[in-house]
Amino acid sequence: MLEIKNLHVRIAEEETEIIKGLDLSVAAGEVAAIMGPNGSGKSTLSYVLAGKEDYEVTEGDILFNGESILEMEPDERAASGVFLAFQYPMEIPGVPTMNFLKAAMNAQRKARDEEEYTTPEFIKTVKAAAGELNIDFNMLKRALNVGFSGGEKKRAEILQMQLLEPKLCVLDETDSGLDIDALKIVSDGVNRLRDPERAFLVITHYQRLLEHIVPDSVHVLYQGRIIESGDKSLALHLEENGYADVIARAA
Amino acid sequence: MNIQKTAAEETLGFMLPTRRVESFHYTDLRANLKSLGEQAARPEDDATRTMGDSFPRLASDACVLHFYDGHGFERNETLPEGVMVSRDLPDALSADGGADDTIPQINSKITTAGVSIAVAKGKEVTQTIGLAHAHTGAAESIASTRFSITAAEGSTSRFIERQMGRSDANHMTSSAVSLNVQQGAKVEYFIVQQAGVGATHLARLNVTLAQDADLSIFVLNAGGKLVRQEVKIAVNGENANLAIRGVNLVGDNAHIDVTTVLEHNVPHTNAEELFRNVVAGDGHGVFQGQIKVAQPAQKTDAQMACNTLLLTDEGDFSAKPELEIFADDVICAHGATVTDIDDEHMFYMQARGIDQKTARGLLIKAFVDEVVEELEAGEELEEAFTGIIDDWLDANI
Ligand SMILES: Nc1ncnc2c1ncn2[C@@H]1O[C@H](COP(=O)(O)OP(=O)(O)O)[C@@H](O)[C@H]1O
Ligand SMILES: [Mg+2]
C-alpha cells in the first residue's frame, strides 16, 4: 500500500537534510510502528506523507497504491485516503468543530464522487463516533481544538480519522499527553479501524502504546534513516535497552 | 500656486482634498474624482419593481423606505406605530469642518431625495426600518440621498441603510445621515453597502448621543470601487454607550475607506470600535479612527481594534488610530494588526481533504463572522449579514 523509496527530504529554503535515504514498505492491513529518539525525523516523515510544503523531497519517491503522491496537494492526498493524526493538532479560532468536520467529510465525499451527507445524517454519524471516543458532543460546537485539553485534542484527531475512513493512517505520537484511560479509549478507537484494506503507521516513543495497538512490524528511525526493522519484540528490546545498541549496530 | 480646477471642482464650486489634507491622506479625492457626471433620471415605476430583485430583504418583517437612482418612491409599506416619516428633503449636514467635511458638502450639492424619520418618545419599535437605495448605475450618473433620524427619549429602534447595485460602469452614489439619539434611547444603525464595482460611494453618518443613550453601529462594506464611509459621533450625554463595528471586504481594484471620529465631551461614556477587514487582489483598505476626549470627559472608556487579513501581496491596508486626549482619568486603547492566512491552519484543513479555496473561505469567514456575532442582532439578521459575506467571498477569493 505504501512504499517509500530512498527518500531524501530537506527543509525548503535550507540546506539541512532531515530524511536521508529512507526506505519503508507497509502492506494493506499492516500496522507498522516507527520508533526513534527525539529529532530523528519522525514528524518530518509524517508531514512529508501528508504533503506539507515546508519540506522538499530532493530524491526518492513515495508510492501510495503504486502511484507517486509527491506532486499531489495535501487535500488530494487526504481525498485519496492519507490521514495524519498530528502530534500537535492546530487550534483554529472561529471555525466551529462541527462546521470543520462537515466541510472535511463532504469535501472528501465530493472528491470521491459520492453524495454529500445530509445534515441529520451527518449529525447522527458524528454523535455516534464521538460517543465511542468518550467525546462530549458539546465540545464539538466550540472552535476547532481551541481550549481543548491535550487529551481532548488527541481524541478529536481519532474522531476525525474514524469519520474520514482513510486508507493509510499516520499517527504521530498520538499517545503523548494521554493518561492511561485516554490511551485505552484512543487505542480501542484505532483497533476498531483495523481492517485488511487499511494500513497504519504508528509513530511513538513508548512500548506502552504498542501493548494496546499491537504492531505487525517495528522500525527504528535514526538520523533520517530506518536503521533496523523487526517484529513487535524489537519494541520490547528498545524499551529495555534504549536505542544505544541498535544505533551502535547500524554504525 | 494656481491649480487648474477639475471638472468635478467646477461643478461643485469648491476644491477637493488631496493627500495633503490629513484626513484624506490615504484617499486622494481630488485625483479620484475628476468629474461628477449627471443626476440620474427618475426611473419608470415599472423598472424599479425589479431593480432590487437580486438583493433579498435582510429582515423579513422590515418596513422599507425605497429609493431608486436617487429618487424616492412611495411603496405604502405600513409604518410601525410610533414612527413618523416626512418625505421632505432634510437640511444638509453642517460643514463647518472645512476640507474634513468635503463629503457632506458634496452630498449637499447633489442630493434631491431623502426622508426625515422620528421615533416617538418611549416607543419600542420592533420592526426594522429599512432605507434601501437601489442603483441602475448608468455610466457617469449620480444618485444620492439624505436622511435625518431622531430617536426620541427612551425609544428603541433599528435601521438598515443599504446601497444595492450591480453596475461596473463608473457612477457615483452618496449618503448623508444625521442621527440624533436622545436621552435613554436605544438605536441600532446598520449600513450595508453593496454598490456595484463601478461605484464611487461617498457617505457620512453624523451622530449625537444624549445621556444614557445606547447606539450600535455596524458598517458592512461589500461593494463599490471607491468608497469612503465617514462616521462622526459626538458623545454629549453621560453614561452613553456606543459600539461601532464593521466588516470591510475590499475586492480587487477597490479602495474602501472607513473614517470614524469620536468626540467624548462628557464624563462616564463608553465606546468600543471593532473592524475586521479582508483585502483581496490589489485592493486598498483604509481605517482612520480618531478618538477625541475633551478635558471634562473623565472616566471615558474607549477601545478600538482594527484587524486585517491581507490575502495577497498586491493588496494593502492602512490603519491610522489617532487619540487626542485632554482628560487625565480615561482608559483608551487601540490596536491594529495586519496578517495573512496562517499556513499552518491551511495545511491542517487541507490535510483533512478540504481544498485550498474552501479552507481559505472557512478561515476568512471565521475571522469576519465574529464581528457579526458580536452585534447580537438576532439569528435572521446575523444570517443575512454572514450570507452577504459568503457571497462576497465566493465571488472574490
Ligand atoms: N520546519 C523545520 N525547520 C527547522 N528544523 C526542522 C523543521 N522540521 C524539523 N526540523 C528539524 O529536523 C529534525 C527532525 O525533526 P522531527 O521530524 O520533528 O523529529 P522527531 O519527530 O523524530 O522528534 C530536528 O532536528 C528538527 O529540529
Ligand atoms: Mg515528532
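The values are calculated or read from the model by the stated rules, or taken from the named source; none is laboratory data. Quick caveat, the model's predicted, so the values are computed rather than measured. Here Cβ is always computed from backbone atoms with ideal geometry, including for glycine, and neighbour counts include all displayed protein chains. We work out accessible area using only protein heavy atoms, side chains counted, and drop any ligands, DNA or RNA first. Shrake-Rupley method; radii C 1.70, N 1.55, O 1.52, S 1.80 Å.
Listing for the model above:
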quantity	calculated
Where residue A:101 falls short, out of the listed (1) in a helix (DSSP H, G or I); (2) at pLDDT below 95; (3) facing chain B (nearest Cβ under 10 Å)	(2)
Residues of the range B:28-72 that turn out to be under 20 Å from the mean Cα position of the chain (by Cα), surrounded by fewer than 18 Cβ atoms within 10 Å (Cβ to Cβ) and closer than 30 Å to residue B:6 by Cα, as a count	2
Residue B:330 vs. criteria under 30 Å from residue B:263 (Cβ atoms) and within 14 Å of chain A (Cβ to nearest Cβ)	no
Residues of the range B:125-164 satisfying the condition of being open to solvent by less than 10 Å² (accessible area, probe 1.4 Å) and closer than 19 Å to residue B:226 by Cβ	B:133, B:137, B:142, B:143, B:144, B:145, B:161, B:163
Segments classed as strands (runs of 3 or more DSSP E), wholly inside the range B:289-377, with at least 3 members that are open to solvent by less than 30 Å² (accessible area, probe 1.4 Å)	B:301-310
Residues (among the small types (Gly, Ala, Ser) and closer than 22 Å to residue B:346 by Cα) located in the range A:97-137	A:103, A:104, A:107, A:111
Cβ pairs under 8 Å, 6+ apart, first in the range A:163-178 and on the phi > 0 side of the Ramachandran plot, second among the β-branched types (Val, Ile, Thr)	A:173/A:203; A:173/A:204
Residue among B:176, B:195 that is buried (at least 24 other Cβ atoms within 10 Å of the Cβ) and in contact with a helix residue (DSSP H, G or I) (Cβ under 6 Å, 6 or more places away or on another chain)	B:176
Selection count where residues are open to solvent by 10 Å² or more (accessible area, probe 1.4 Å) and away from ligand 2 (no atom under 16 Å from the Cβ), scope the range A:188-209	11
Filter result (surrounded by fewer than 23 Cβ atoms within 10 Å (Cβ to Cβ) and not in a loop (DSSP other than H, G, I, E, B)) within the range A:173-187	A:180, A:181, A:182, A:183, A:184, A:185, A:187
Residue match in the range A:59-70 (condition: out of contact with any Phe, Trp or Tyr (no Cβ under 9 Å at 6 or more places or on another chain), within 14 Å of chain B (Cβ to nearest Cβ), away from ligand 1 (no atom under 13 Å from the Cβ) and open to solvent by less than 70 Å² (accessible area, probe 1.4 Å))	yes
Every residue from the range A:144-172 that is surrounded by fewer than 18 Cβ atoms within 10 Å (Cβ to Cβ) and not in a helix (DSSP H, G or I)	A:146, A:147, A:149, A:165, A:167
Selection within the range A:37-59 - closer than 25 Å to residue B:357 by Cα, hydroxyl-bearing (Ser, Thr, Tyr) and either in a strand (DSSP E or B) or more than 13 Å from ligand 2 (Cβ to nearest atom) (or both)	A:55
Single unsatisfied condition, residue B:351 versus (1) within 14 Å of another protein chain (Cβ to nearest Cβ); (2) within 30 Å of residue A:54 (Cβ to Cβ); (3) in contact (Cβ under 8 Å) with a residue 40 or more places away in the chain; (4) not polar (S, T, N, Q)	(3)
Test: residue in the range A:8-28 that is open to solvent by 10 Å² or more (accessible area, probe 1.4 Å), away from ligand 2 (no atom under 16 Å from the Cβ), under 17 Å from the mean Cα position of the chain (by Cα) and within 14 Å of chain B (Cβ to nearest Cβ)	no
Subset of the range A:210-235 that is of a type in the set (A, V, I, L, M) and in a loop (DSSP other than H, G, I, E, B) - its residue that is nearest to ligand 2 (Cβ to nearest atom)	A:213
Single unsatisfied condition, residue A:131 versus (1) surrounded by fewer than 22 Cβ atoms within 10 Å (Cβ to Cβ); (2) within 14 Å of another protein chain (Cβ to nearest Cβ)	(2)
Matching option when the condition is more than 21 Å from residue B:343 (Cα to Cα), in contact (Cβ under 8 Å) with a residue 60 or more places away in the chain and within 16 Å of ligand 2 (Cβ to nearest atom), among A:62, A:34	A:34
From A:198, A:225, residue being away from chain B (no Cβ under 14 Å), within 16 Å of ligand 1 (Cβ to nearest atom) and touching a residue at least 24 places away in the same chain (Cβ under 8 Å)	A:225
Counted residues, the range B:237-254 - those being in contact with a strand residue (DSSP E or B) (Cβ under 6 Å, 6 or more places away or on another chain) and open to solvent by 30 Å² or more (accessible area, probe 1.4 Å)	1
Residue list for the range A:1-58, filter: of a type in the set (D, E, K, R), more than 13 Å from ligand 1 (Cβ to nearest atom) and over 19 Å from residue A:194 (Cβ atoms)	A:3, A:5, A:23
Residue match in the range A:119-141 (condition: outside any loop (DSSP other than H, G, I, E, B) and either in contact with a strand residue (DSSP E or B) (Cβ under 9 Å, 6 or more places away or on another chain) or within 16 Å of ligand 2 (Cβ to nearest atom) (or both))	yes
Single condition residue A:77 does not satisfy, out of (1) at the interface with chain B (Cβ under 7 Å from one of its Cβ atoms); (2) modelled with pLDDT of 95 or more; (3) part of a helix (DSSP H, G or I)	(1)
Answer from B:100, B:28, B:91 - the residue that is touching a helix residue (DSSP H, G or I) at 6+ places or on another chain (Cβ under 6 Å) and under 27 Å from residue B:207 (Cβ atoms)	B:100
Count of residues meeting criterion [of a type in the set (Asp, Glu) and closer than 20 Å to residue B:164 by Cα] in the range B:190-234	1
Filter pass, residue B:316 being within 18 Å of residue B:256 (Cβ to Cβ) and among the acidic types (Asp, Glu)	yes
Filter result for residue A:236 (open to solvent by 40 Å² or more (accessible area, probe 1.4 Å) and without any contact (Cβ under 8 Å) to a residue 60 or more places away in the chain)	yes
Some residue of the range A:202-217 being at pLDDT 90 or above, among the acidic types (Asp, Glu) and within 16 Å of ligand 1 (Cβ to nearest atom)	no
Residues that are outside any strand (DSSP E or B) and polar (S, T, N, Q), drawn from the range B:246-263	B:253
